[in-house]
1. Between residue 59 and residue 15, what is the FRET efficiency for a Förster distance of 22 Å, r being their Cβ-Cβ separation, to the nearest 0.05?
2. What is the diffusion coefficient of segment 20-63 in µm²/s, taking the Kirkwood radius over Cα pairs and the Stokes-Einstein relation at 4 °C with a viscosity of 1.567 mPa s?
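Any read-out appearing in this document is the output of simple, stated calculations on the displayed coordinates, not a laboratory observation. Treat the numbers as computed from the prediction; the structure is a model and nothing was measured. Cβ placement follows ideal geometry from the backbone for every residue including glycine, while neighbour counts extend to all protein chains displayed.
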C-alpha cells in the first residue's frame, strides 16, 4: 500500500502578547542581554558591556514568536479557509501550502 500525500493550507500567526523581541550580543565573548521588547534597552546593554569589558563588536537581533495553524480544514476551525466563501480574512497572517 502506498501513502498518499496531500496539500494543506497552514497559516503562521504572530503571538500578539509577546511581540517583537530584541537581543544584543557581544561578538567577542558571546555574552548577551536578556531579550527585551525595547531595541534601545538592547543597545544600552551593548554600551554598558563595552564600558565594562572594552569589547567593541556586537550583534543586535530581533525575533518574534508565532505558531502554525491549519486553516483549510473545516474540522479544525469550522470556517471556510477562503474569504470569498465566508471565511475571515487574516491581515496579520502569512499562509503557506505544505505537502504532508
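1. Values: r = 24 Å, r/R0 = 1.08.
My answer for the efficiency is 0.40.
2. Details: Rh = 10.0 Å.
After rounding, the answer is 130 µm²/s.
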